[in-house]
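Here the structure is laid out as structure tokens; the discussion comes afterwards.
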Amino acid sequence: MKYISTRGGSEELSFLEILLAGLAPDGGLYMPKHYPQISKETLDEWRSLSYADLAFEVLRLFSDDIPLDDLKAITQKTYTAQVYCNGREYDDANHITPIHWLGNESGTEIGLLSLSNGPTLAFKDMAMQLLGNLFEYALAKEHRELNILGATSGDTGSAAEYAMRGKKGIRVFMLSPAGKMSQFQCAQMYSLQDPNIFNIAIEGVFDDAQDMVKAVSNDLAFKSTYKIGTVNSINWARVVAQVVYYFAGYLRATKSSDEKVSFCVPSGNFGNVCAGHIARMMGLPIQKLVVATNENDVLDEFFKTGHYRARKSAETFHTSSPSMDISKASNFERFVFDWLDRDGALVKDLFAQVETQGGFDYSAHPAKKRIEQFGFVSGRSTHANRLHTIQQVARVYSIVIDTHTADGVKVAREYLEPKVKMLVLETALPVKFSETIEEALGYLPERPDAFIGIEKLPQRVFNMKPEVAAIKEFIVGHTS
């Protein structure tokens with residue numbers, strides 16, 4: 001398996017060669033040269049596999065430069081009941097991602113694919129724990145060190161830090177928007193005292209932090225000298241790790257590989273739903289990929305109109321589903337690459353327009369009609385929708401969901417089809433957004449014992465203006 005850039009200017013590289021790289025040298029994102037195809041017969045053979053074994057089968061298709069025994073050991077080490085149970089009981093903890101069925105609505109079974117059972121209580125753990133073990137494996141083979149530079153709107157940061165803390169040869173520099181995350185999210189990150197973890201609060205919004213990460217990654221000399229890597233979903237390994245739970249969800253939800261399933265995905269940076277797109281391109285029988293946005297509805301606007309209009313920082317709303325407060329979706333470029341027949345030169349021109357003109361308009365272009373061929377539809381949710389959905393799900397199904405999952409449930413209901421099961425990707429435990437849960441229900445959500453009183457712990461965080469020179473200086477000063 002070889003990888004190419006979405007902008008057409010990179011040589012073909014192997015999985016391990018791009019694992020630590022982040023952006024391609026031409027500023028694009030790495031994509032597999034082709035998608036391996038999964039037959040219905042293979043799907044049926046995978047039905048009895050544990051999550052760790054399923055991850056091995058999927059990942060081996062994309063990482064054929066890792067010896068199979070080594071890859072098997074990595075997936076077995078990563079996906080264990082000890083890592084993903086959080087003290088809660090499941091009928092089969094090896095499933096890692098159980099489905100909680102809500103019930104039959106409009107002739108359709110709708111369920112929550114539970115992805116928040118990892119150490120930081122959010123779906124980002126599903127890929128980040130694997131990424132930590134892959135990084136450690138690759139660095140040990142090459143006797144290298146790595147300085148990870150990332151940006152987070154809430155959950156990526158804590159998932160990365162918990163996966164990388166104490167890892168030999170790795171430092172983490174994580175940028176987050178000051179004052180734009182929940183108290184719990186801040187406490188999860190900022191309370192870590194590990195010497196290889198550096199939390200940096202940026203004045204502005206997530207997109208400002210993300211732009212800084214991209215700017216540093218595009219400085220190839222600095223990137224090489226200071227061994228800069230990334231754990232954001234621009235990292236291909238993180239995206240492909242997320243592909244696994246689409247297969248797991250489908251196999252748990254169906255009895256026959258002749259069935260189709262739709263997935264609704266709360267979306268900000270497009271990495272989570274991009275993994276669903278990849279699974280569908282591999283042949284997983286996905287009927288619809290439903291993109292659920294909050295008030296920051298850049299993606300909803302595109303899928304409905306064909307006009308991609310990235311917002312500026314001042315136009316980005318701070319909402320009660322803050323991990324989706326993103327107005328420039330990095331992984332969207334991966335879908336555009338496939339949508340436009342993998343024309344790297346065209347993709348390069350379009351995303352140059354995003355930087356210089358704020359977007360591109362394909363509303364009247366013939367390619368607009370091709371979007372539906374990829375199964376994408378979309379919808380939007382607001383704070384009022386969020387509160388109503390949380391209240392309704394708690395009242396009818398006795399399940400408390402977080403704010404982002406509520407966005408997903410709300411939008412999923414707009415696209416239910418008879419006899420096509422709908423899985424909403426649960427993104428986090430509600431305790432991470434207690435303030436809004438209390439507003440909706442009048443009481444605080446359940447909190448795992450390990451996180452009681454986390455907000456009162458001492459916090460270690462550095463404050464910074466959104467200046468690329470400043471983050472470079474910080475990295476140089478804390479790299480020895």
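The values are calculated or read from the model by the stated rules, or taken from the named source; none is laboratory data. Since the model is a prediction, treat every value here as computed from it, not as a measurement. A quick note on method: Cβ atoms are made from the backbone with ideal geometry, for glycine too, and the neighbour counts reach across all protein chains shown.
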Exactly one of 440, 367, 450 is closer than 24 Å to residue 277 by Cβ and out of contact with any His (no Cβ under 7 Å at 6 or more places or on another chain), and that one is 367
Filter the stretch 350-359 for residues that are touching a strand residue (DSSP E or B) at 6+ places or on another chain (Cβ under 9 Å) and more than 21 Å from residue 314 (Cβ to Cβ); the one that is surrounded by the fewest Cβ atoms within 10 Å (Cβ to Cβ) is 350
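Residue-wise test of (1) touching a residue at least 60 places away in the same chain (Cβ under 8 Å); (2) farther than 23 Å from residue 183 by Cβ; (3) more than 23 Å from the chain's Cα centre (by Cα).
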{"residue": "332", "(1), (2), (3)": "yes, yes, no"}
{"residue": "366", "(1), (2), (3)": "no, yes, yes"}
{"residue": "390", "(1), (2), (3)": "no, no, no"}
{"residue": "397", "(1), (2), (3)": "yes, yes, yes"}
When every residue in the stretch 429-443 that is at pLDDT 95 or above and part of a loop (DSSP other than H, G, I, E, B) is compared, the one nearest to residue 118 (Cα to Cα) is 443
Screening 71, 102, 130, 115 for residues that are modelled with pLDDT of 90 or more and touching an Asp or Glu at 6+ places or on another chain (Cβ under 6 Å) leaves only 115
For residue 266, the lone unmet condition from (1) of a type outside the set (A, V, I, L, M, F, W, C); (2) more than 21 Å from residue 127 (Cβ to Cβ); (3) within 20 Å of the chain's Cα centre (by Cα) is (2)
How many residues of the stretch 173-207 are crowded, with 24+ Cβ neighbours inside 10 Å, more than 17 Å from residue 269 (Cβ to Cβ) and aliphatic (A, V, I, L, M)? The answer is 1
- Kindly establish whether residue 476 is over 26 Å from the mean Cα position of the chain (by Cα) and either surrounded by fewer than 16 Cβ atoms within 10 Å (Cβ to Cβ) or more than 30 Å from residue 216 (Cβ to Cβ) (or both). yes
(Q) Given the condition within 27 Å of residue 104 (Cα to Cα) and outside any helix (DSSP H, G or I), answer yes or no: does some residue in the stretch 462-472 qualify? (A) no
Q: Determine, yes or no, whether residue 276 is touching a residue at least 24 places away in the same chain (Cβ under 8 Å), assigned to a helix (DSSP H, G or I), in contact with a helix residue (DSSP H, G or I) (Cβ under 6 Å, 6 or more places away or on another chain) and small (Gly, Ala, Ser).
A: yes
When residue 398 is run through (1) under 20 Å from residue 272 (Cβ atoms); (2) hydroxyl-bearing (Ser, Thr, Tyr); (3) surrounded by fewer than 20 Cβ atoms within 10 Å (Cβ to Cβ), the failure sits at (1)
When every residue in the stretch 208-235 that is polar (S, T, N, Q) and either free of Cβ contacts under 8 Å to residues at least 24 places away in the same chain or not in a loop (DSSP other than H, G, I, E, B) (or both) is compared, the one surrounded by the most Cβ atoms within 10 Å (Cβ to Cβ) is 210
Residue pairs qualifying under the 6 Å Cβ cut-off, at least six apart or on distinct chains, with the first in the stretch 410-436 being at positive phi and of a type in the set (Gly, Ala, Ser) and the second being at pLDDT below 95 and surrounded by fewer than 24 Cβ atoms within 10 Å (Cβ to Cβ), are none
Expected single match for free of Cβ contacts under 8 Å to residues at least 60 places away in the same chain and either within 23 Å of residue 277 (Cβ to Cβ) or surrounded by 20 or more Cβ atoms within 10 Å (Cβ to Cβ) (or both) among 29, 13, 68 is 13
Restricting the stretch 412-433 to residues that are crowded, with 21+ Cβ neighbours inside 10 Å and closer than 19 Å to residue 260 by Cβ, the one nearest to the chain's Cα centre (by Cα) turns out to be 425
- [ ] Say whether the condition of being in a loop (DSSP other than H, G, I, E, B), of a type in the set (Gly, Ala, Ser) and modelled with pLDDT under 95 is met by at least one residue in the stretch 37-58.
- [x] yes
Residue 158: in contact with a Ser or Thr (Cβ under 6 Å, 6 or more places away or on another chain), of a type outside the set (Asp, Glu) and touching a residue at least 24 places away in the same chain (Cβ under 8 Å), yes or no?
yes
Open item on the list: So for the stretch 412-419 (the condition being farther than 18 Å from residue 117 by Cα and at pLDDT below 95), does at least one residue qualify?
Closed with: yes
Note on the stretch 188-207: residues of a type in the set (S, T, N, Q) and in a helix (DSSP H, G or I) are 188
Selection from the stretch 52-67 of residues closer than 16 Å to residue 131 by Cβ and out of contact with any Pro (no Cβ under 7 Å at 6 or more places or on another chain) yields 52, 55, 56, 58, 59, 63, 66
Picked from the stretch 108-146 (must be more than 19 Å from residue 244 (Cα to Cα), in contact with a strand residue (DSSP E or B) (Cβ under 8 Å, 6 or more places away or on another chain) and not acidic (Asp, Glu)), the residue surrounded by the fewest Cβ atoms within 10 Å (Cβ to Cβ) is 108
